[in-house]
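A quick write-up on the structure given underneath.
Throughout, read-outs are computed from the coordinates displayed, never taken from laboratory work. Just so it is clear, the model here is predicted, and its values are computed rather than measured. Cβ placement follows ideal geometry from the backbone for every residue including glycine, while neighbour counts extend to all protein chains displayed.
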């Protein structure tokens, strides 16, 4: 079914219009993007060009079971960067089997801050996850719709929190490591590539976790659905900002410190994020 999502900017006002978008083209890769990790090439109206989608499932997979899904948002464009790869680390640590979870790593061709651009339909990162990635994963694998989870770190920590807070009915929990701090100046907004994803500050404010948390606080008081993980060495402004904001608004959340975990996918914090989201199969409750 085509996805009717578009917001067109006209001089002086905004016009909400329904536009028919083409169905995404998704093809299994003969040669994976990373060795031993199944990948697909996705062509979607929500991105500028083809991008990879990598998925690790428990082996073997039981078609009679329903599995949780963990979507790990990237911190760089493409499938690999200076900070490593989430899905490569999952494979290395065998987390998909240990936690019996479908692990998903989407890729983006615009700096992945996790926003939907107000005027450029080719930069719709949240819509891409909701309208393209999740429907495909849930068609290909036996997914428990009540067990969708998110992981992010640094810029994608803010993106994961934003996606969770804007869609609390679609995601059960979110875990973030060393998220980017409060975007509290126009200079920060202009110099970190945020404009490519969000366009302008007014649009960014609709996605900003620091504004969404006070607005959604009544939905966050009971279950601990948010986990903040701080690394080291030194202080991490983003974690401290978010911890204080959640506490000040009476929200339930989990906070942990892994003092020797550096700012990278490969520094040992990812198992803690999975543990926050999912119980180990067979573990006593």
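Here are a few things to note about the model shown:
- Ranked by how many other Cβ atoms sit within 10 Å of their own Cβ, fewest first, the residues 225, 124, 170 fall in the order 170, 225, 124.
- Least to most buried among 132, 90 (fewest other Cβ within 10 Å first): 132, 90
- The tail of the calculated P(r) for the stretch 137-285 beyond 18 Å holds 58 percent of all Cα-Cα pairs.
- Largest to smallest principal axis extent of the C-alpha atoms in the stretch 53-110, angstrom: 38, 21, 12
- Fluctuation leader among 257, 95, 228 - the chain, Gaussian network, Cα springs under 10 angstrom: 257
- Rounded to the nearest 5, the antiparallel percentage of DSSP beta bridges internal to the chain is 45%.
- Computed over the chain, the ratio Rg/Rh where both radii use C-alpha atoms and Rh is Kirkwood: 0.95
- Helix-only mean residue ellipticity at 222 nm for the chain, each DSSP H run of n ≥ 4 adding -39500 (n - 2.57), per residue, nearest 500: -7500 deg cm²/dmol
- When each of 269, 80 is scored by the number of other beta-carbon atoms lying within 10 Å, the sequence from fewest to most is 80, 269.
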